[in-house]
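Remarks on the structure that follows.
The values are calculated or read from the model by the stated rules, or taken from the named source; none is laboratory data. Computed from a predicted structure; not experimentally measured. Don't worry about glycine lacking a Cβ; one is built from the backbone with ideal geometry, like all the others, and counts go over all protein chains shown.
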Amino acid sequence: MEKRRLGRSAITLAPLAFGGNVFGWTADRAMSFRLLDGFLAAGFNFVDTADIYSRFHPGNVGGESETIIGEWLAARGGRDKVVIASKCGLEMGPGMSGLSRRYIMQAVDASLQRLKTDFIDLYQAHRDDPETPLEETLGAFAELIRQGKVRAIGASNYTAPRLAEALATSARLDLPRYESLQPLYNLMERTEFEGELEALCGREQIGVIGFFSLASGFLTGKYRSKADVAGRTRGARAEKYLNPKGLRVLAALDTVAARCAAKPGQVALAWLIARPSVTAPIASATNLEQLAELVQAPSIALDADAIALIDRASR
């Protein structure tokens with residue numbers, strides 16, 4: 001399977017990443033283990049999580065996803081076969097947020113303990129922290145790399161000006177730079193990434209690992225009416241796409257899927273994988289049937305006509 005370099009780092013990825021936000025939320029421990037086993041068995045190696053997953057779920061406190069991944073790593077071994085990415089910065093409790101040196105040092109040790117590993121392959125700033133100087137944040141990340149706790153660093157949810165400023169700060173102070181960006185990017189949400197941010201990532205050779213690649217499941221085609229979203233855990237997030245553009249995009253995906261003997265969600269991921277700027281889109285599954293569909297997406301080669309059809313529908 002094709003491998004792609006993450007920015008200028010030594011980390012190489014298969015062209016699809018698994019989103020660990022579902023672990024401890026819509027996938028329990030046993031199912032999470034099966035999903036991770038299946039993902040690696042299919043030839044993939046990149047799992048993305050965050051300390052805050054899944055604090056948003058009632059009854060959870062954060063760290064559930066990392067804890068499950070850590071238990072899986074301890075049970076299965078083979079740490080060298082998987083690339084683990086995590087994030088810090090969003091609120092985990094009173095006084096536990098941001099990108100100050102003090103909090104980053106606290107957060108990384110908590111993540112390492114939950115993940116039951118000595119290092120995190122890719123450690124990301126979950127969101128920009130304008131209250132903390134970039135010099136302090138990047139200096140803290142540099143210290144983690146020197147300590148061997150982190151291999152490379154990345155940014156999530158950064159604007160083009162702030163990412164450019166961070167890259168310039170790293171160059172000026174000879175500090176490690178962000179090697180990846182994790183933006184919101186899918187066929188329903190193109191404007192936030194395409195344009196200035198995409199161009200910057202291309203110029204600077206920044207790896208792009210977009211989240212919500214399937215638009216909260218909408219691009220799989222399972223939500224085509226308000227009745228489809230009723231009572232579904234993630235349906236409320238997908239409901240906003242039930243509009244003329246959304247239905248137009250689904251129609252285009254249906255057309256291409258029929259040509260390729262594929263499913264709409266697979267085509268949506270294949271479109272992302274075909275983008276020159278994208279290293280690996282992040283997608284989640286909550287059962288083995290969904291996983292079996294996801295892992296086939298990189299094998300779907302879209303021709304120019306298919307890409308043009310999808311582009312027109314999603315503008």
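Annotations for the structure displayed:
- Taking the criterion of being loosely packed, with under 15 Cβ neighbours inside 10 Å, part of a loop (DSSP other than H, G, I, E, B) and aliphatic (A, V, I, L, M), the only residue of region 299-315 that qualifies is ALA301.
- If only residues of region 244-271 that are out of contact with any helix residue (DSSP H, G or I) (no Cβ under 8 Å at 6 or more places or on another chain) and either small (Gly, Ala, Ser) or at pLDDT below 95 (or both) are counted, the one that is surrounded by the most Cβ atoms within 10 Å (Cβ to Cβ) is ALA258.
- Test: residue in region 60-82 that is at pLDDT 95 or above and within 14 Å of ASP129 (Cβ to Cβ): no
- Of the listed requirements (1) closer than 15 Å to ALA85 by Cβ; (2) more than 21 Å from the chain's Cα centre (by Cα), GLU135 misses just one: (1).
Here's the yes/no breakdown for (1) surrounded by 14 or more Cβ atoms within 10 Å (Cβ to Cβ); (2) farther than 13 Å from VAL278 by Cα:
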site	(1), (2)
TYR158	yes, yes
ARG162	yes, yes
SER170	yes, yes
LEU173	no, yes
PRO176	yes, yes
GLU194	yes, no
ILE206	yes, no
THR220	yes, yes
ALA236	no, yes
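- Within region 216-241, being out of contact with any helix residue (DSSP H, G or I) (no Cβ under 6 Å at 6 or more places or on another chain) and either free of Cβ contacts under 8 Å to residues at least 24 places away in the same chain or under 27 Å from THR159 (Cβ atoms) (or both) holds for LYS222, SER225, LYS226, ALA227, ASP228, ALA230, GLY231, ARG232, ARG234, ALA236, ARG237, LYS240.
- Boolean, ALA274 is without any contact (Cβ under 8 Å) to a residue 40 or more places away in the chain, touching a helix residue (DSSP H, G or I) at 6+ places or on another chain (Cβ under 8 Å) and within 30 Å of LEU167 (Cβ to Cβ): yes
- Hits in region 279-289 (condition: surrounded by fewer than 22 Cβ atoms within 10 Å (Cβ to Cβ) and either out of contact with any strand residue (DSSP E or B) (no Cβ under 9 Å at 6 or more places or on another chain) or closer than 20 Å to GLY195 by Cβ (or both)): LEU288, GLU289
- Where a residue in region 82-105 is of a type in the set (Asp, Glu) and its partner, wherever it lies, is assigned to a loop (DSSP other than H, G, I, E, B), with Cβ under 7 Å and at least six apart: GLU91/SER97
- Scan of region 4-62 for residues that are assigned to a helix (DSSP H, G or I), in contact with a Leu (Cβ under 6 Å, 6 or more places away or on another chain) and buried (at least 22 other Cβ atoms within 10 Å of the Cβ), ordered by number: LEU35
- Test: MET1 is touching a residue at least 40 places away in the same chain (Cβ under 8 Å) and either in a helix (DSSP H, G or I) or of a type outside the set (A, V, I, L, M, F, W, C) (or both): no
- Counting residues in region 85-107 that are at pLDDT 95 or above, within 30 Å of GLY43 (Cβ to Cβ) and of a type outside the set (A, V, I, L, M, F, W, C) gives one or more.
- Being within 20 Å of the chain's Cα centre (by Cα) and either surrounded by fewer than 17 Cβ atoms within 10 Å (Cβ to Cβ) or over 24 Å from PHE39 (Cβ atoms) (or both) is a property that ARG232 lacks.
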